[in-house]
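The block underneath contains the structure these notes are about, expressed in structure tokens.
The values are calculated or read from the model by the stated rules, or taken from the named source; none is laboratory data. If you're wondering where the values come from, they're calculated on a predicted model, not measured in any experiment. With ideal geometry, Cβ positions are generated from the backbone for all residues, glycine too; neighbour counts draw on all protein chains shown. The protein model used for the area step is the full one, side chains on, heavy atoms only, and it has no ligands, DNA or RNA in it. Shrake-Rupley method; radii C 1.70, N 1.55, O 1.52, S 1.80 Å.
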Amino acid sequence: MSVINILSPHVADLIAAGEVVERPASVVKELVENSFDAGAKNISIEIRNGGSNYIRVTDDGCGISPEDAGIAFMRHATSKLSDEHGLECISTMGFRGEALAAISAVSRIELRTRLKGSSEGTLVKLTAGEIDEMEPIGCPEGTNIIVRDLFYNTPARRKFLKSDRSEASACQAAAIRCALAHPDVSIRFIRDGEEQFFSPGDTRIDSCIYTVLGRETAKDMLECSGEDSGLTLKGYVSSPSACRGNRGGQFFFCNGRFIRSVLMQTALEQAYKNSMLSGKYPGCVLYLSIPFGSVDVNVHPAKTEVKFSEEKRVFDLVYYSVLSALEAEKRSADIVPSPSTEAVLGKKTGFYKSISAQDYKSMQQSADPSKKDRKTDDGAFFSPKENYQTRLDLGYPFSTSSASVTSFVPHHPETARPKAENARIAGLSDEKTAGHVENAVQNVDKKLLPDHKIVGELFKKYIVVELEDEVLLIDKHAAHERMIFDSLKKRTSDINAQTLLEPVPLRLSGEDSELLGANSELLASLGFEIEALDDCNFVVRALPADMYPSDVVPSIEEICEKLRSGKAPSSEEARDEVLHTVACKAAIKAGWDTSAAELERVTTAVLSGEVLYCPHGRPVSYRIPGRDLDKRFRRIV
Ligand code: ADP
Ligand code: MG
């Protein structure tokens, strides 16, 4: 007796259905995508009880003719493809004529549809994919499809459904992705009789984000765009201060469809690396447009996973566009220009729009230390690095201006840096401490800063600055840490070292010793001179110029811990992690006495917009509007 059976078409349909339709949310997605494909401008989605009993999608698209209304539910029925010549479309848009067949195989369906311009509509009722009823009816132009009792004939699948609440949330998430994918289409989502959101369909991404994701999310978003011959990216990314604990706020779209892309996600997150707390994730709504031939959407039946043929270009486009959006925020936010500067320099908004991702990338490249200074045509030398600064300046009035140079000289007053520590450093003089962190706030033209007065300090922690109509509080350690980090990171040559009169002994575990050995070049380039006495014992002979000898052991332990915990998979990341530690240890600390000059330098850095977040992403400043104080004291209501 034969043991091989040919599956009946019905069973084959049920199996196929499992691939396309996993849960009610997949029905929502497929139906809405069909409405998009039909050119709808208004779509309404309604679900009840998590969608497993009732999903209705209504659109004002092209509608379906009476002849096609029955065929639409047959497997491989698609109007979007007729022969193999259109196969290109299969891999690009993912049309396969499977969705309606798959959904109808596992549910009861009612379809009401009227072709545009036609006088009469059609009603089709199906149970488990079989047509029960088909007749002409009067109905509006467009399509209205109701899916009832999903998986009623596949109890095993139905059992896998989660609670109504979580299925409803998944449906809503699918509807949100659809709405964000098409800011040009108005989408209404109704759950158990209550409207959850309504996007206006006015083509504006910002109004779509506002209505779909809510005001709170929208208000912390930064515009982001970029282009690279044929590839374009546009959309919004979250401000580093608004990052959240998971990736739920990340939406990527490719050629109008929501996609999941580890590549784009990595590029996005890399761009936030030095402005976000670890364990936090940025949000984004990013639209990638890419020539149809360069992306394959058929990696997964639900078409959400894609494969790019030019991964590096996509990665770079996302990375540099996001980086330039973050830079732009850094340069515009947290600055309150006084009315006079505003009048001279123009409004704050739009300052930086002129810097595209491409510009940013070339700026970065021209700032590349490996590229030597070049001679200009007129014989004068110009440094690529200066060029980078100047170009950024074009869009930003408060940053560097070569006219007035105030170089940042770290000054740790005697009270802060114990005399004993000074004595441990060979040949320490003012000259020597000066300039280690040079350039941290170089070139800030004070005339361009908003009017301000440093009132003093709170708890030896927060600098209190009076602005025109606000109080600015600055976390002096966090801000200084960032200044040092940026300046160290910008450095193209090795970081200055200070030689210790008395080498500091250091004992490490075997594992840490190996890590130290493996990263010896990196540590040396940052100013550490560490000599091994045996497998576990070392002496530190020199350390980065701004670090205190008493911090050297905890710092190296911290660095080993970071390298050990895999926080720094690449050499670039390892360097950043070590720089974080050096910057943190070298910065003025809460609890220290800090000189007026130093408070002034930190304040200048913050007011200039150079410093927004500490290297771990914590904010460095906080503003209290004068109005809030007036309200508190009932001077105004
Ligand atoms: P596909 O979308 O891959 O073509 P589907 O099974 O999703 O396959 O849909 C089958 C066909 O039914 C579509 O090609 C289209 O012609 C028609 N159709 C489905 N939904 C709609 C709709 N909302 N408006 C107009 N036509 C539709
Ligand atoms: Mg479809």
Would you confirm whether any residue within the stretch 8-17 is modelled with pLDDT under 70 and within 15 Å of ligand 2 (Cβ to nearest atom)? yes
Residues being touching a strand residue (DSSP E or B) at 6+ places or on another chain (Cβ under 8 Å) and within 21 Å of Lys489 (Cβ to Cβ): count how many of those fall in the stretch 530-546. 4
Report the residue count in the stretch 205-230 for those that are surrounded by fewer than 14 Cβ atoms within 10 Å (Cβ to Cβ) and within 20 Å of the chain's Cα centre (by Cα). 4
Across the stretch 593-618, which residue is nearest to Ile454 (Cα to Cα) among those that are open to solvent by 50 Å² or more (accessible area, probe 1.4 Å) and touching a Pro at 6+ places or on another chain (Cβ under 9 Å)? Arg601
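Restricted to the stretch 464-519, and to residues that are among the small types (Gly, Ala, Ser) and within 22 Å of Glu561 (Cβ to Cβ), which residue is modelled with the highest pLDDT?
Going through the stretch 464-519, the residues among the small types (Gly, Ala, Ser) turn out to be 478-479, 487, 493, 497, 509-510, 513, 517-518.
Then keep just the ones that are within 22 Å of Glu561 (Cβ to Cβ); that gives 478, 509-510, 513, 517-518.
Values: Ala478: 93, Ser509: 83, Gly510: 81, Ser513: 86, Gly517: 85, Ala518: 84.
For the stretch 464-519, the residue satisfying everything is Ala478.
Would you call Ser595 in contact with a His (Cβ under 7 Å, 6 or more places away or on another chain) and outside the structural domain of Pro240 (by TED's automatic domain parsing)? Working first, answer last.
Numbers: in contact with a His (Cβ under 7 Å, 6 or more places away or on another chain): yes; outside the structural domain of Pro240 (by TED's automatic domain parsing): yes.
Against the criterion (in contact with a His (Cβ under 7 Å, 6 or more places away or on another chain) and outside the structural domain of Pro240 (by TED's automatic domain parsing)), Ser595 qualifies.
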State all residues of the stretch 233-246 that are modelled with pLDDT of 90 or more and either among the aliphatic types (A, V, I, L, M) or open to solvent by 50 Å² or more (accessible area, probe 1.4 Å) (or both); if no residue qualifies, say none. Leu233, Lys234, Val237
Which members of the stretch 474-504 meet the condition of being surrounded by 16 or more Cβ atoms within 10 Å (Cβ to Cβ) and either in a strand (DSSP E or B) or aromatic (Phe, Trp, Tyr) (or both)? Ile474, Asp475, Phe485, Ala497, Gln498, Leu500, Pro503, Val504
Count - residues of the stretch 95-124 that are within 8 Å of ligand 1 (Cβ to nearest atom), open to solvent by 10 Å² or more (accessible area, probe 1.4 Å) and under 17 Å from Asp149 (Cα atoms): 2
Restricting the search to the stretch 45-78, which residues are more than 7 Å from ligand 1 (Cβ to nearest atom) and among the charged types (D, E, K, R)? Glu46, Arg48, Arg56, Asp60, Glu67, Arg75
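Return yes when Leu222 is touching a helix residue (DSSP H, G or I) at 6+ places or on another chain (Cβ under 6 Å) and either of a type in the set (Asp, Glu) or under 30 Å from Tyr272 (Cα atoms) (or both) and no when it is not. Walk me through how you get there before you give the answer.
Values: touching a helix residue (DSSP H, G or I) at 6+ places or on another chain (Cβ under 6 Å): yes; either of a type in the set (Asp, Glu) or under 30 Å from Tyr272 (Cα atoms) (or both): yes.
Answer is yes for this residue.
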